[in-house]
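So the structure is just underneath, and the comments pick up after that.
Quick note: the coordinates plus some simple rules give every number you see, no bench work behind them. What you see is a predicted model, and the numbers here were worked out from it, not measured in a lab. Methodologically, a virtual Cβ is constructed for each residue, glycine included, from the backbone with ideal geometry; neighbour enumeration extends over all protein chains shown.
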Amino acid sequence: MPPKKRPLLHTATVLTLLAGSAYLTVELRKDEQDKAPRAQAVTDTPLGGSASGEQRGQTWERLKNPDRTVLRGAGGQVLATFTDRSRTATLKGPSRTFSEAENTATKVVTEDWVRLMPEAWRAGAEKERWFKEWFRRYHGSQEDDLFAIAFQYITGAPAKKDERGVVYAGDAKFGPVNPDLAKHRGTPLLEQSDFFDYLGIPYTFRDGTAKRPEAARYRAVDCSGYMRLVFGYRARYPLAPADGKGDGLPRTANGMGRSQLGAEIIPLSGPAPWYERPQNIDVLQPGDLVFFKMDHHTGNRLDHVGLYLGPDTEGHKVFLSSRKEVNGPTIGDKGGVSRLDGNGFYAQLLRNAKRL
């Protein structure tokens with residue numbers, strides 16, 4: 001073979017080897033991704049900005065219904081929303097996809113990152129030191145937010161352990177199997193599994209009340225227990241040991257929905273015990289707690305709570321909750337699609353909403 005062709009052959013060989021190496025690297029990464037939960041995927045880059053709102057043409061604006069402050073970018077787009085009396089903040093960031101393939105084809109693609117601030121918002125808080133420090137840390141951050149945390153408990157989510165060996169995340173059940181269907185009106189799974197039952201550890205609340213888990217409820221949370229696990233144990237929102245006791249997030253959906261915590265986004269209306277379905281749900285913001293009246297056996301009590309995620313890829317307003325039909329947290333369709341719009345099961349039973 002003529003010498004002048006050898007460099008060509010050498011180059012081709014190197015390129016072939018590099019291509020093969022790149023292919024192997026991609027396949028190995030795919031294999032690792034296949035082992036990871038598909039609940040969250042970041043698909044673009046974070047938005048830039050400063051905590052002061054004075055750079056890049058950013059401005060602060062006050063709005064009503066509900067009273068809130070928004071940070072706008074130079075083009076007028078909303079970069080963040082902070083609601084009076086609420087610690088829940090919604091920040092724009094990289095787009096993510098949340099899905100639950102085992103129970104639904106629904107997918108939520110969102111740029112909203114929902115986080116808890118250390119203090120409740122009030123007009124002018126953007127000038128305060130605590131907020132500037134908090135915002136500097138979290139604006140554009142990809143650290144787990146409330147949505148990422150919540151999806152760590154859906155079907156198939158892998159177990160995560162802390163330094164003590166406690167499983168603090170992973171596929172959650174709704175509750176133990178009902179040993180007496182007749183006594184509990186045919187309910188196949190029992191309610192009353194709280195966050196400490198899921199964790200399997202004793203828990204002492206701020207007022208000194210101590211609770212012990214039931215072994216049969218390990219890795220299980222009912223609807224309100226799930227919200228307490230996500231907002232309270234994981235995101236550190238104060239927790240009350242029971243409804244009407246302490247100043248934290250109450251134990252039940254009814255206690256949460258009727259509490260004075262946070263901002264009332266959709267108030268209860270109409271006569272008890274069923275109340276009325278809200279006429280306008282456009283005021284909802286990702287991260288809101290939504291409450292339902294589902295069972296005539298519970299009198300005038302609200303008996304289900306979920307986390308509003310925003311619109312899915314078909315434009316429907318979707319929520320996440322722990323339910324008996326799927327035996328755990330879901331955005332699924334079994335027992336009624338997880339939509340707040342239209343005339344589906346949950347849409348008709350929605351009664352009020354709160355922004356913690």
task = Give the calculated FRET efficiency between R164 and S141 to the nearest 0.05, with a Förster radius of 35 Å applied to their Cβ-Cβ distance.
result = 0.85
query = Taking H as built 1.01 Å from N, whose amide H comes closer than 5 Å to the amide H of L189, not counting residues under 5 places away?
reply = N178
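Provide the gained length on full extension for the span N65 to K132, in nm with one decimal, where the gain is 0.36 nm per separating residue minus the Cα-Cα distance.
21.6 nm
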query = On full extension of the chain, what length is gained from V283 through D295, given 0.36 nm per residue of separation minus the C-alpha to C-alpha distance?
reply = 1.7 nm
request  = Based solely on C-alpha atoms, express the radius of gyration and the Dmax of the stretch 59-143 in angstrom.
outcome  = 14.5, 46
note = Taking a ≥ b ≥ c as the square roots of the Cα gyration tensor eigenvalues, with a/c under 1.5 meaning rounded and otherwise prolate when a/b beats b/c or oblate if not, the stretch 128-231 comes out prolate
query = Which semi-axes, in whole Å and largest first, does the equivalent ellipsoid of the stretch 240-356 have when worked out from the alpha carbon gyration tensor as the square roots of 5 times its eigenvalues?
reply = 21, 15, 15
